[in-house]
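Below is one structure, written out as structure tokens; comments come after it.
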Amino acid sequence: MSQLPIYILNGPNLNLLGEREPEIYGRATLAEIEAECASKAKALGHSTDFRQTNIEGELISWIQEADKQAGGVILNAAAYTHTSVGLFDALSAVSVPVIEVHLSNPYKRETFRHNSFVSPAARGVICGFGAQSYLLALEAMAKLVGGEK
Ligand code: CA2
């Protein structure tokens, strides 16, 4: 088990998962995704710190914190992906690897979802696979930070 957890950070409205719009985001709740991530990370020899916030500044503070306290960051910034220069600035200032994830494929959706302020500061992007996007990101992160079984 590596010492530092992988932070899995989730942005606004993702607390509503499983309740509405299952045709876009799937039927899994965020709590179910959290449990799947914990189990996958354990199998890969890692631990996770899984969080959700509806507050942009809180997400930014967690990213700053991750630079010292995390091995890497898996980030679904939700709507802030498409709006937040603050998020881009925070991500640009951290040296741990960042993987951007989305449940849906934003490029199949409205054009306002086609721009990401996260992507230019991310090591890679995984989108369109529902809850599996998070698990694929964990596999990639385990390879980046080492410590896989
Ligand atoms: O596909 C993703 O993971 C997104 O990050 C989800 C965001 C959206 O703004 C991004 O373009 C793509 C929206 C999350 C809101 O989640 C809801 C879940 C259930 C009901 C309403 C919103």
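The values are calculated or read from the model by the stated rules, or taken from the named source; none is laboratory data. Note that the coordinates shown come from a computational prediction; the quantities given were computed from them, not determined experimentally. Cβ: placed from backbone, ideal geometry, glycine included. Neighbour counts: every protein chain shown. We work out accessible area using only protein heavy atoms, side chains counted, and drop any ligands, DNA or RNA first. Shrake-Rupley method; radii C 1.70, N 1.55, O 1.52, S 1.80 Å.
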Worksheet entry | Filtered residues of segment 13-23 (kept if more than 7 Å from the ligand (Cβ to nearest atom) and open to solvent by less than 60 Å² (accessible area, probe 1.4 Å)) | G18, P22
Practice prompt. Of the numbered conditions (1) touching a residue at least 40 places away in the same chain (Cβ under 8 Å); (2) open to solvent by less than 50 Å² (accessible area, probe 1.4 Å); (3) more than 15 Å from the ligand (Cβ to nearest atom), Q69 fails exactly one; give the number of that condition.
Written response: (2)
Fill in: Of the criteria (1) in a loop (DSSP other than H, G, I, E, B); (2) in contact with a strand residue (DSSP E or B) (Cβ under 8 Å, 6 or more places away or on another chain); (3) polar (S, T, N, Q), which one N115 fails
(2)
Worksheet, complete the sentence: Of the listed residues (R109, R51, R113), the one being within 16 Å of the ligand (Cβ to nearest atom), surrounded by fewer than 19 Cβ atoms within 10 Å (Cβ to Cβ), at pLDDT 95 or above and within 14 Å of I6 (Cα to Cα) is R51
Worksheet entry | Tally, over segment 1-12, of residues that are over 18 Å from V118 (Cβ atoms), touching a strand residue (DSSP E or B) at 6+ places or on another chain (Cβ under 9 Å) and open to solvent by less than 70 Å² (accessible area, probe 1.4 Å) | 1
Item to complete: Please enumerate the residues belonging to segment 118-135 that are farther than 22 Å from G86 by Cα, assigned to a helix (DSSP H, G or I) and open to solvent by less than 30 Å² (accessible area, probe 1.4 Å).
Response: S133, Y134
Worksheet item: Residues in segment 27-38: is at least one open to solvent by 20 Å² or more (accessible area, probe 1.4 Å) and in contact with a His (Cβ under 7 Å, 6 or more places away or on another chain)?
Response: no
Worksheet, complete the sentence: Scanning segment 98-112 for residues that are part of a helix (DSSP H, G or I) and among the polar types (S, T, N, Q) gives T111
Worksheet item: Looking at I99, is it of a type outside the set (K, R), touching a His at 6+ places or on another chain (Cβ under 6 Å), closer than 20 Å to G124 by Cα and surrounded by 13 or more Cβ atoms within 10 Å (Cβ to Cβ)?
Response: no
